[in-house]
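Peer 1: Handing you a structure now.
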Amino acid sequence: MPSVIELDGLGVRFGNRQILTDLRVSLSGRTIGLLGPNGAGKSTLIQTLLGFCQLSSGTARIFGHDIRKSIREIRTLVGYMPENDSFIANMTAVSFIRMMAELSGLPPDAALERAHEVLFYVGLGEARYRLLGTYSLGMKQLAKLAQAIVHGPRLLILDEPTNGLDPPARQRMIRLIHEMKDSGEMHLVLCSHLLRDVEETCEEVLILKQGRIVHYSNLEEERKANKRFVEVETFGNDAGFAEALAGLGCECATAGFGRLKMVLPVDFEMREIYRLAAERDLQLRRLNYRRDTLEDIFLKAMEV
Amino acid sequence: MAVYKRTYKGYSGTLTPAWSRFMIVPRYSIARLLQSRFLVGFRILCLLFPLGCAGLIYLSHNLSFLKTFNIQAGNLIEVNAKFFLVVSNIQAAFAYFMTAFIGPSLVSSDLTNNALPLYFCRPFSRTEYVLGKMSVLMYMLALITWVPTLILFVIQASLAGWEWTRENLWIAGAIFIGPLIWNAILSLIAMAMSAWVKWKIAAGALILGVFFAGAGFGAAINAVVRTNYGTLIDLTQVNYTIWSHLFRNQDAATTIDLMDAWNALAVACALCLWLLVKKVRAFEVVK
């Protein structure tokens, strides 16, 4: 699959401080999550990809365009929703979005049409003639999303899109992200502190710490691999149960109170567990796949 | 958009040429400025003086009027370089106040709510942004400075005949270049102040203050050090020196060399551009 973002020894320095150090990765997922603690360099990485920061070493490529040489072409292909408030208070939403569309190269008529369309799409249709300064925080977030997608970018960069949103508004934002992903017309980069948001929407995750990549994870692949990890809770005399499972090739670890954690061998039939339990007259109270959550992955990465 | 069509779709239409995009910013800015009734009223006020001058020029060539009031031709008003210098000076004063009114909202409105990243994440550069914002002021100020004065020149030329026009054509050049320089320096100062001071009232006061403070400090330096070089920080005097040369005003009491005046102007422009470069950027590095 052709890479969407390719970091090739990317380094950024502000004065004497190294912010990003030798980042190397190739990302090709439809939705890419960018995680890391505060000050890890997530926002700097995004700003560097948009050509806002000067590189101290290496380079990056977006859809094959080098950010050192073709930043104008890249900016044509990218939509950006910044983390902080970004708007012009004394403009109506429709004229603001239209201006942004025109700056992206759309002719005035097409820009006006698209401005109306995206405002309806994000759910601000009824409020599109109101001044942006009068919008609530949730509405401002949606207006920022509208300006980011008005020109139909191939890559949409969302920096903390659910910041400050109440649960229904957050759900709405997540739904919009899913819809845009499923439309197949754009790739998304989602930078968020909320692991749940990233877990719900992303296929690939890049974790940064102190300006370095500490973990890259393909969540889709991990989800498939995690099907081999099983947790069982039993009730009754479980003597010999773990040994019997081990005899079938499972790696078992007892966790006390009738709980067992195991790694199943390839091509293992789940009914074998039920059979062994029935032979010992053992009740199975719970059986579930023990999946590494994104939180586990993130915490492990932070220990590095 | 129909409700059933509310799904995301990309854009596959044509794009405008990149060179034309710096005109988008002034178009929207001017539209916003013209919503102000005060500004429209002030613009009308600024045109009253040139309108009166146009009437005077017409009457000075109207023989029946001159005959009626027993005025000799040429006695009513002498339309020459000095006349146009006076008109340009008065209009420049109006431009100064208009700048203090328009200038503060130019860049500060984008900075206050952090809108600059949204401009610069598109195929739109900082140079285009500054050019676009500057052209707003250049356009608004042109309409009250060199455009009406040039119209007065055309009226005079059409009434005075070819001989007068041929002899005084250089005045047209001075009418255009002099106010253009003044408008450019006003625009740059206004934008620099607007970029650094987000509070509009303070920015407006600072724009006015730059000229008053420059004149005050200039006079103080001249008095203390007993030199004329203090005048170089008085931009009104610097401009007066250049205009006197452009309009060939022999009676001008200039205290600085023309070359020094040009250099002072260049330094002022460079300083304003440096201030703009420091502030007009997609993000701010906090040290």
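Peer 1: Mind listing whichever residues of the range A:62-111 are farther than 19 Å from A:V4 by Cβ and charged (D, E, K, R)?
Peer 2: A:E83, A:D85, A:R98, A:E102, A:D109
Peer 1: Continuing with the same structure: Mind listing just one residue for me: the one in the range A:93-110 that is crowded, with 24+ Cβ neighbours inside 10 Å, among the small types (G, A, S) and under 18 Å from B:A31 (Cα atoms) and, of those, farthest from the other protein chains (Cβ to nearest Cβ)?
Peer 2: A:A93
Peer 1: State all residues of the range B:44-75 that are over 21 Å from the mean Cα position of the chain (by Cα) and surrounded by fewer than 13 Cβ atoms within 10 Å (Cβ to Cβ); if no residue qualifies, say none.
Peer 2: Within the range B:44-75, B:G52, B:G55, B:L63, B:S64, B:K67, B:T68, B:F69, B:N70, B:Q72, B:A73, B:G74, B:N75 qualify.
Peer 1: As an exercise: evaluate A:I297 against (1) free of Cβ contacts under 8 Å to residues at least 60 places away in the same chain; (2) closer than 30 Å to A:T201 by Cβ and give the number of the one condition it does not meet.
Peer 2: It is condition (1) that A:I297 fails.
Peer 1: Exactly one of (1) modelled with pLDDT under 90; (2) within 13 Å of chain A (Cβ to nearest Cβ) is unmet by B:K67. Its number?
Peer 2: Going through (1) modelled with pLDDT under 90; (2) within 13 Å of chain A (Cβ to nearest Cβ) one by one, B:K67 breaks only (2).
Matching residues to (1) touching a Pro at 6+ places or on another chain (Cβ under 8 Å); (2) in contact (Cβ under 8 Å) with a residue 40 or more places away in the chain; (3) outside any helix (DSSP H, G or I); (4) farther than 25 Å from B:R126 by Cβ:
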residue: B:I189; (1), (2), (3), (4): no, yes, no, no
residue: B:A195; (1), (2), (3), (4): no, yes, no, no
residue: B:G216; (1), (2), (3), (4): no, no, no, yes
residue: B:I221; (1), (2), (3), (4): no, no, no, yes
residue: B:G230; (1), (2), (3), (4): no, no, no, yes
residue: B:I242; (1), (2), (3), (4): no, yes, no, yes
residue: B:M259; (1), (2), (3), (4): no, no, no, yes
residue: B:A266; (1), (2), (3), (4): no, no, no, no
residue: B:W274; (1), (2), (3), (4): no, no, no, no
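Peer 1: Counting just the residues of the range B:243-287 that are β-branched (V, I, T), under 18 Å from B:L188 (Cα atoms) and surrounded by fewer than 20 Cβ atoms within 10 Å (Cβ to Cβ), which one comes out nearest to the chain's Cα centre (by Cα)? Let's see the steps before the verdict.
Peer 2: Quick first cut of the range B:243-287, residues β-branched (V, I, T) only: B:254-256, B:267, B:277, B:280, B:285-286.
Now narrow it down to the ones that are under 18 Å from B:L188 (Cα atoms): B:267, B:277, B:280.
Filter once more, keeping what is surrounded by fewer than 20 Cβ atoms within 10 Å (Cβ to Cβ): B:267, B:277.
Details: B:V267: 18, B:V277: 21 Å.
Checked the range B:243-287; the qualifying residue nearest to the chain's Cα centre (by Cα) is B:V267.
Peer 1: Go through (1) of a type in the set (V, I, T); (2) closer than 29 Å to B:R126 by Cα; (3) out of contact with any Gly (no Cβ under 6 Å at 6 or more places or on another chain) and name the single condition A:T31 misses.
Peer 2: So A:T31 meets the others, but not (2).
Peer 1: Pairs needed: first member in the range B:51-71, farther than 12 Å from B:Q156 by Cα; second member anywhere, surrounded by 14 or more Cβ atoms within 10 Å (Cβ to Cβ); C-beta distance under 6 Å; at least 6 residues apart or different chains.
Peer 2: Close Cβ pairs (under 6 Å, with a partner that is surrounded by 14 or more Cβ atoms within 10 Å (Cβ to Cβ)) amount to B:F65/B:L59.
Peer 1: Now, a different point. Go through the range B:12-42 and give me each residue that's away from chain A (no Cβ under 14 Å) and buried (at least 16 other Cβ atoms within 10 Å of the Cβ).
Peer 2: Passing the criteria: only B:F42.
Peer 1: B:I155 fails exactly one of the following numbered conditions: (1) in contact (Cβ under 8 Å) with a residue 60 or more places away in the chain; (2) within 14 Å of another protein chain (Cβ to nearest Cβ). What is the number of that condition?
Peer 2: B:I155 satisfies all of (1) in contact (Cβ under 8 Å) with a residue 60 or more places away in the chain; (2) within 14 Å of another protein chain (Cβ to nearest Cβ) except (2).
Peer 1: Taking into account only those residues within the range A:27-72 that are surrounded by fewer than 16 Cβ atoms within 10 Å (Cβ to Cβ) and within 13 Å of chain B (Cβ to nearest Cβ), which is farthest from A:G15 (Cα to Cα)?
Peer 2: Looking at residues that are surrounded by fewer than 16 Cβ atoms within 10 Å (Cβ to Cβ) and within 13 Å of chain B (Cβ to nearest Cβ), I get A:R72.
Peer 1: Can you tell me which residue is surrounded by the fewest Cβ atoms within 10 Å (Cβ to Cβ) among those in the range B:151-198 that are out of contact with any helix residue (DSSP H, G or I) (no Cβ under 8 Å at 6 or more places or on another chain) and among the aromatic types (F, W, Y)?
Peer 2: Top of the filtered list is B:W162.
Peer 1: When the range B:242-254 is examined, which residues are found to be within 14 Å of B:A92 (Cβ to Cβ) and either aliphatic (A, V, I, L, M) or in contact with an Asp or Glu (Cβ under 8 Å, 6 or more places away or on another chain) (or both)?
Peer 2: The answer is B:I242, B:L246.
Peer 1: Filter the range A:130-169 down to the residues that are without any contact (Cβ under 8 Å) to a residue 60 or more places away in the chain and of a type in the set (K, R), then identify the one that is farthest from B:Y119 (Cα to Cα).
Peer 2: A:R130
Peer 1: Of everything in the range A:111-124, what is facing chain B (nearest Cβ under 10 Å) and either part of a helix (DSSP H, G or I) or not small (G, A, S) (or both)? Give them in sequence order. First the steps, then the outcome.
Peer 2: To start, the set of residues in the range A:111-124 that are facing chain B (nearest Cβ under 10 Å) comprises A:111, A:113-114, A:116-123.
Within the range A:111-124, A:A111, A:E113, A:R114, A:H116, A:E117, A:V118, A:L119, A:F120, A:Y121, A:V122 meet the criteria.
Peer 1: Given (1) out of contact with any strand residue (DSSP E or B) (no Cβ under 8 Å at 6 or more places or on another chain); (2) of a type outside the set (D, E, K, R); (3) within 14 Å of chain A (Cβ to nearest Cβ), where does B:T145 come up short, assuming only one miss?
Peer 2: The one condition B:T145 does not meet is (3).
Peer 1: Which of the strands (runs of 3 or more DSSP E) found entirely inside the range A:179-219 contain at least 1 residues meeting this: within 14 Å of chain B (Cβ to nearest Cβ) and in contact with a helix residue (DSSP H, G or I) (Cβ under 7 Å, 6 or more places away or on another chain)?
Peer 2: Details: elements: A:187-191, A:204-209, A:212-218.
Output list reads A:187-191.
Peer 1: Considering B:Y119, B:Y96, B:Y129, which residue is within 12 Å of chain A (Cβ to nearest Cβ) and within 23 Å of the chain's Cα centre (by Cα)? Before the answer, list the steps.
Peer 2: Numbers: B:Y119 fails: within 23 Å of the chain's Cα centre (by Cα); B:Y96 fails: within 12 Å of chain A (Cβ to nearest Cβ).
Result: B:Y129 is the single residue among B:Y119, B:Y96, B:Y129 that is within 12 Å of chain A (Cβ to nearest Cβ) and within 23 Å of the chain's Cα centre (by Cα).
The values are calculated or read from the model by the stated rules, or taken from the named source; none is laboratory data. Computed from a prediction, not measured in an experiment: that's the story for all the values here. Backbone-built Cβ (ideal geometry, glycine too); neighbour counts: all protein chains shown.
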